[in-house]
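Let me begin by presenting the structure, written as structure tokens, before commenting on it.
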Amino acid sequence: AVLHCLGSLLCLWALRLPAGPGAAARGLDVASYRERVRAMFYHAYEHYLESAFPYDELRPLTCDGQDTWGSFSLTLIDALDTLLILGNVSEFQRVVNVLQEGVDFDIDVNASVFETNIRVVGGLLSAHLLSRKAGVEVEAGWPCSGPLLRMAEEAARKLLPAFQTPTGMPYGTVNLLHGVNPGETPVTCTAGIGTFIVEFATLSHLTGDPVFEDVARKALKALWKNRSDIGLVGNHIDVITAKWVAQDAGIGAGVDSYFEYLVKGAILLQDKELMSMFLEYNKAIKNYTKFDDWYLWVQMYKGTVSMPVFQSLEAYWPGLQSLIGDVDNAMRTFLNYYTVWKQFGGLPEFYNIPQGYTVDKREGYPLRPELIESAMYLYRATRDPTLLELGRDAVESIEKISKVDCGFATIKDLRDHRLDNRMESFFLAETIKYLYLLFDPDNFIHNDGSDFDVVVTPYGECVLNAGGYIFNTEAHPIDPAALHCCRKRKEEQWEVEDLMREFYSPKKSKKFTLKRPSDPGEGESAKDPEDAEKAGEKRSSKKSSHSLLSCPSQSFNSKLAVLGQVFLDNT
């Protein structure tokens, strides 16, 4: 493995994958499916623009629109970074201008705190960090400033009143104009409490305001504090009293992204505590909920089975397992879930495992991304062509069952293929994106660190777009290196540049002149490249008790991979 360090303790280990049979051996035309996914995106996107904008979502059966999560033109925000991943920089630039002119958060609307965060705040942060790559003329000080960052901050501040509870756990709904409504229910799902650290920590690091990360951490720790004696959390909790209202423990709906954000928060922030918390949960999950590579629902205090069902939202779990290096278990669980897909041409919301069939009134498939998401992560880790076959099956099923004249419709019942008049914004934000990335191995998102940009900020130079992107739970990619661009911790930055220069100088494939201050404590640039080199030599020769780039042994015994995945070090 080759070590690349692209930010503070962001140590990326290049996974050297053995050559395998690949897609060609199974006759899968990856490029053809990639272009079909692109066409699917534009069929949905263009009909949203024509028939639904500025409403949140498209109603594809009636070719009109509706507001669902707060009247933000949500599909436009959610689809923005997908545009760039598909290579459409001109439309990305146009939409950035449209959003700046048309989106207003100072409105009398009751909004989901969770959904507003993952879709709006996450979408705006991702688009902000990708703006320069998309050819947007960024303002001086970017990425520490910019219109999309200010919009994300404004939206996040509208959510802060929800966190003003005795426990620090937020209410589920907030009025964007008036704050938390009197009489608002204090019962919130676990995911609605523990799914903020990725967006809010990014916001704090870029803006310099710690309040966002602080409230997110407090909420995470409150859940951890209130876990049961056997190490499980329930489904819904009272944020005032910290009493569990729904005591079903599992990995699916109402809980899912809490576990996801412990792992992704740990990777993004290089936070040992968050990862150790997840690994403790993981032990309890394996002990009490795992049966034959399926995960059931159990009573959080006793561990007795309460629901022997698989929920489609649980299909993110194999991808999360791959992020901590548990690839073998991830593949076994993925294959279980894939058998359900093959049975129905999609994942029903609930699947009764003992009976091998759908659950009454939970037979629908709203074009969710989770199984495709896991396939993308696992394919990056294994190159197993079975994962591409899931992508192929998803394209074929969605096009055959869901495609209508005005877009793609939610499948109301997988048994008879009845449709519902809704196209959720996550179809363009997540489902299409993960499908495209599965079939596009050379996409910039998969950057292995061999290409990167050096940008100048008010705090010095920093490296961006080198890979290792962390997807929030709405599939909005966050560049972890950006979190180190807007703080006055320059010494680590110069060490990063020295390392990158040393590693890439033999290749001669790219020429970068990395000018630095002659003294890391001052903000002056070296006048001559040779002076900069000498300054770099002086810095690298200094001994310290703990090198910022030494990748010290971590309590959670893991290291990052270039692909944004974590692989256990078993040596």
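No value in this document is a laboratory result; all are computed from the given coordinates. Given the structure is predicted, the values throughout are model-derived calculations rather than measurements. As a convention, Cβ positions derive from the backbone with ideal geometry for all residues, glycine included, and neighbour counts pool all protein chains shown.
For Gly65, enumerate residues with amide H under 5 Å from its amide H, sequence gap 5+ or separate chain, H modeled in the peptide plane.
Arg59
If contacts are Cα pairs under 8 angstrom and at least 6 residues apart, what is the relative contact order of segment 387-465 in percent?
Result for segment 387-465 is 17 percent.
If I model a spin label as a point 7 Å beyond the Cα along the Cα-Cβ vector, how far apart are those points for Asn352 and Val456 in nm?
A separation of 6.8 nm, rounded to one decimal place.
When each pair of different Cα atoms in segment 106-160 is counted once in the 1/r mean, what is the Kirkwood radius in angstroms, to one decimal?
Computed over segment 106-160, the radius equals 11.8 Å.
Taking R0 as 30 Å, what's the FRET efficiency between Thr241 and Lys361 from their Cβ-Cβ distance, rounded to 0.05?
The formula returns an efficiency of 0.45 here.
Length gain on complete extension for the stretch Lys290 to Lys403, per 0.36 nm per residue less the alpha carbon to alpha carbon distance?
37.1 nm
Separation of segment 250-276 and segment 110-169 by C-alpha centroid, Å?
Each part reduced to its Cα centre gives a spacing of 20 Å.
To the nearest 0.05, what FRET efficiency results for Tyr301 and Leu160 with a Förster distance of 25 Å applied to their C-beta separation?
Approximately 0.15, to the nearest 0.05.
Once the Cβ-Cβ distance between Asp416 and Phe444 is put in as r, and R0 is 45 Å, what FRET efficiency do you end up with, to the nearest 0.05?
Efficiency, rounded to the nearest 0.05: 0.65.
Starting from segment 352-438, pick out the trypsin sites (Lys or Arg not before Pro) whose DSSP state is loop and whose Cβ has at most 16 other Cβ atoms within 10 Å.
When the trypsin sites (Lys or Arg not before Pro) of segment 352-438 are filtered for loop state and at most 16 Cβ neighbours within 10 Å, Lys361, Arg362, Arg415 remain.
Describe numerically, in nm with one decimal, the distance between label points set 7 Å from Cα along Cα→Cβ at Asn329 and at Thr386.
1.8
Compute the relative contact order of segment 315-424 as a whole-number percentage, counting only Cα pairs closer than 8 Å that sit 6 or more residues apart in sequence.
Relative contact order of segment 315-424: 26 percent.
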